[in-house]
Amino acid sequence: MTPGRQVPVQDRLEELREQIRFHGHRYHVLDDPVVSDAEYDALIAELRAVEEEHPELVTPDSPTQRVGAPPSSMFAPLPHRRRLFSLDNAHDVDDLRSWGRRVERQLEREPEGFSCELKIDGLAVSLVYEGGVLLQGATRGDGRVGEDITVNLRTIESIPLRLRGKPPEVLEVRGEVYMPEDAFETLNHRQAEAGLRLFSNPRNAAAGSVRMKDPAVTASRALHIWCYQAGVIEGGPKLRSHSETMEYLKDLGIRVNPENAVVPDLEGVERYVARAEQRRHANGYQTDGVVVKVDSLGDQDVLGFTSAAPRWAIAFKFPPEEQTTLLRDIQVNVGRTGAVTPFAVLEPVVVGGATVGLATLHNEDMVRLKDVRIGDRVLVRRAGDVIPEVVAPVVSLRTGEEREWSMPTHCPSCGNPIVRPDGEAVARCTGGLTCPSRLREWLSHFAGRGGMDIEHLGYKTIELLLSNGLIKDPADIFTLRAEDLLGFEGWGEVSVANLMRAIDAARDRPLASLLVALGIRHVGGTVARLLARRFRSLPALVDASEGEIAGIEGVGPTIARSVRDWAEDPENRALAEKLERNGVRVADPAPEGEHAGLLEGVTVVITGTLEGMSRERAQLAVEERGGKVTSSVSKKTTALISGENPGSKLAKAEQLGVPVIDEARFELMLERGPAALEG
Ligand code: IVH
């Protein structure tokens, strides 16, 4: 407040609330804030302070009232003003077409358009506003009576406590409360650290969070809402279609999903469904289908309801990504760093469109925490490209015959002891590179895309070379001769020549690729590039002191210690020398050259898979030319390089108007600089 000028408290309160509502809507509903978080927090802090001094002026719709209501001891039943129907399901395109025919038959013509929406996998709620103020919030319950969870729903920032603009006298709106996938991961991480029960999926986490006894817990859970249906509107404008209603709700400050679209016919619906399924994992929240609604409200009236569901809508369900099956056994895998990881051997089951027989269990603690036992029926999840995992046991189906599992004391591959240092989550095999399993994994990492990127040298080939004693360490790859391989089944002149050529090409990889390939603990792509830029050769890095390494910006003491540990091991030094002897380039050339500085000031983001080069090498190529590669698209991004199967970054770039280029144009850009973006 300006000294000298006395602003009446009431005016200042209203001004503050108005500003907070405005910025809250920009932030939580539109995802487009216009002030910093700190400025927003300062407004809230001031409002709280003023309200504390004048408790008599606190109103139920004040932004400070999201938390603070007394915890309810029980959720009271709350009858819905109008019944919340559920939806009939379509499991394939045929079901969808039959529904379309029924609609046409009943209307005696084609409907005027279909509204298509993502089917959000969360918890259905109903919100009642009177005079623009949120009065009640309830679960769906049996559709007629729900549970009163008003105090909890008030804590969700994307639910307005008060509507914007000119609200109707009464509004009842329905939506799905959900937990974004990243918030779910964070929550489960926190639960695990605290030794608490894990939530099996974001939907359960959302449902559990909304039904907490203490609204402060709900408030801490990062929940969101997408609203998709108006139940009651009294004293509002005349609306003719569902899509018009959704626009109206949006104007009132209600959060409506931007993926909603109206299409003219069933073919349009099918295209929407195909696209939604393809982009299913790019939303950041879980969807389990598409809801299709006849758009015209007049048509909806003609169609009416069956006993359980509207005839004017249908839910197209995606194939499920979770299934239950029998856990036959738990075994362990030894990785390239010696990490011993338990995995589940399952009765094969079709989930997420593929048959799954093995699934990860992450680590020993996870098996404990999830209380998974051999012989359990378990929930298995496979979503997109993600490795299938065992989510949880179905405890209610236990017979008592199930067996608890414990980590073996000795490595099943080499017989050496398995140890788990205090305070670490990972158990390790102590066999070093005498462990065949570990050596195989390391070699396949060494030759893999993130490392030396040796084409034609996959897992199978490495197994062949190892079992025939042709290689014992990564350096041996570079002294392989064609005659060593000729004659093995499937290895003719052409395939052998291809492999030989690929090995030769890999001798010349940048130092950073070699550093990643060596598998030094804590040295991934980013750190490897920092190390390569500073030391320029492997011998220089091997001789560097811990202080010199830790002195690099972006490299901490843990990494420095780990690099030193690696360099002090005589076996590793011997390997470094052997690689050099066998013709592997262990130093980067000086940075000058025709391309130096070509991409100065350019920032790119890479999404999807590139055909001709690994992500690592693409990044190196940009950085060698003075450019930058970042992981998320912003207004400062010069271009998005989009490979096969781009993720959500593509939509983000399109939204921000950032140029999107394909791999061919990217290669042109590496040759000619940013000029390649034009024309
Ligand atoms: S409309 C009368 N739209 O799916 C129409 N429902 O299987 C009522 N859901 O109980 C529902 N996303 O919890 C509708 N865009 C969407 C939805 C959606 C998720 C849920 C909702 C409903 C269930 C029906």
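Filtered by the rule that a residue be within 16 Å of the ligand (Cβ to nearest atom), among the basic types (K, R) and more than 23 Å from G289 (Cβ to Cβ), the range 119-165 gives a lone residue, R144. Is there any pair linking a residue in the range 208-233 that is part of a loop (DSSP other than H, G, I, E, B) to one that is among the acidic types (D, E), with Cβ under 9 Å and at least six apart or on different chains, and which? Listed by first residue and then by second, the contacts come to R211/E147; A222/D182; L223/E157. Counting the residues of the range 349-364 that are among the small types (G, A, S) and in a strand (DSSP E or B) gives 3. Look through the range 335-357, keep the residues that are among the polar types (S, T, N, Q) and surrounded by fewer than 17 Cβ atoms within 10 Å (Cβ to Cβ), and return whichever of them is nearest to the ligand (Cβ to nearest atom). If we take residues in the range 335-357 being among the polar types (S, T, N, Q) and surrounded by fewer than 17 Cβ atoms within 10 Å (Cβ to Cβ), then T355 is nearest to the ligand (Cβ to nearest atom).
In the range 283-302, the residues that are more than 21 Å from G231 (Cβ to Cβ) and part of a loop (DSSP other than H, G, I, E, B) form Cβ pairs under 6 Å with partners that are acidic (D, E) and within 11 Å of the ligand (Cβ to nearest atom), at six or more places apart or across chains, as follows: Q286/D121. The set of residues from the range 618-671 being outside any loop (DSSP other than H, G, I, E, B), more than 30 Å from D508 (Cβ to Cβ) and hydrophobic (A, V, I, L, M, F, W, C) comprises L650, A651, A653, L656, V660. Given the conditions (1) buried (at least 20 other Cβ atoms within 10 Å of the Cβ); (2) within 12 Å of the ligand (Cβ to nearest atom); (3) closer than 28 Å to K649 by Cβ, and given that D288 satisfies all but one, which numbered condition is not satisfied? Result: D288 passes all but (1).
Looking only at the range 42-59, decide whether some residue is in contact with a helix residue (DSSP H, G or I) (Cβ under 6 Å, 6 or more places away or on another chain), modelled with pLDDT under 85, acidic (D, E) and not in a strand (DSSP E or B). No, the range 42-59 contains no residue that is in contact with a helix residue (DSSP H, G or I) (Cβ under 6 Å, 6 or more places away or on another chain), modelled with pLDDT under 85, acidic (D, E) and not in a strand (DSSP E or B). V332 meets all of the listed conditions (1) in a strand (DSSP E or B); (2) in contact with a strand residue (DSSP E or B) (Cβ under 6 Å, 6 or more places away or on another chain); (3) surrounded by fewer than 20 Cβ atoms within 10 Å (Cβ to Cβ) but one, namely (3). Tallying residues that are among the hydrophobic types (A, V, I, L, M, F, W, C), free of Cβ contacts under 8 Å to residues at least 24 places away in the same chain and out of contact with any helix residue (DSSP H, G or I) (no Cβ under 9 Å at 6 or more places or on another chain) within the range 164-198 yields 1. Between a first residue in the range 251-279 that is within 22 Å of P180 (Cβ to Cβ) and within 13 Å of the ligand (Cβ to nearest atom) and a second residue that is β-branched (V, I, T) and assigned to a helix (DSSP H, G or I), which pairs have beta carbons less than 6 Å apart while being 6 or more apart in sequence or on different chains? As it stands, the answer is R255/V29, since those pairs meet every condition given.
You will find that of V380, V394, V372, V386, the residue that is farther than 15 Å from Q331 by Cβ and either surrounded by 20 or more Cβ atoms within 10 Å (Cβ to Cβ) or among the charged types (D, E, K, R) (or both) is V380 and no other. Within the option set V340, V367, being closer than 30 Å to L439 by Cβ and in a helix (DSSP H, G or I) holds for one residue only, V367. Picking from residues in the range 84-111 that are more than 9 Å from the ligand (Cβ to nearest atom) and in a loop (DSSP other than H, G, I, E, B), the one that is farthest from E270 (Cα to Cα) is E108. For the range 112-123, the tally of residues that are in a strand (DSSP E or B) and under 17 Å from F316 (Cα atoms) stands at 7.
The numbered conditions (1) modelled with pLDDT under 95; (2) touching a Leu at 6+ places or on another chain (Cβ under 8 Å) are all true for H281 except (2). Looking across the range 172-194, the residues that are of a type in the set (D, E) and more than 12 Å from the ligand (Cβ to nearest atom) come down to E172, E181, D182, E185, E193. The number of residues in the range 164-218 that are at pLDDT 90 or above and touching a strand residue (DSSP E or B) at 6+ places or on another chain (Cβ under 6 Å) comes to 14. Go through the residues of the range 224-239 one by one and say whether even a single one is under 24 Å from the mean Cα position of the chain (by Cα) and more than 12 Å from the ligand (Cβ to nearest atom). Yes, that holds for at least one residue.
Hey, does the range 296-311 have a residue that's within 11 Å of the ligand (Cβ to nearest atom), modelled with pLDDT of 95 or more and buried (at least 20 other Cβ atoms within 10 Å of the Cβ)? Checked against the condition, which is being within 11 Å of the ligand (Cβ to nearest atom), modelled with pLDDT of 95 or more and buried (at least 20 other Cβ atoms within 10 Å of the Cβ), the range 296-311 yields no hits at all.
The values are calculated or read from the model by the stated rules, or taken from the named source; none is laboratory data. From a predicted model like this one, the values you see are computed outputs, not experimental measurements. Positions of Cβ are backbone-derived with ideal geometry, glycine not excepted, and every protein chain shown enters the neighbour counts.
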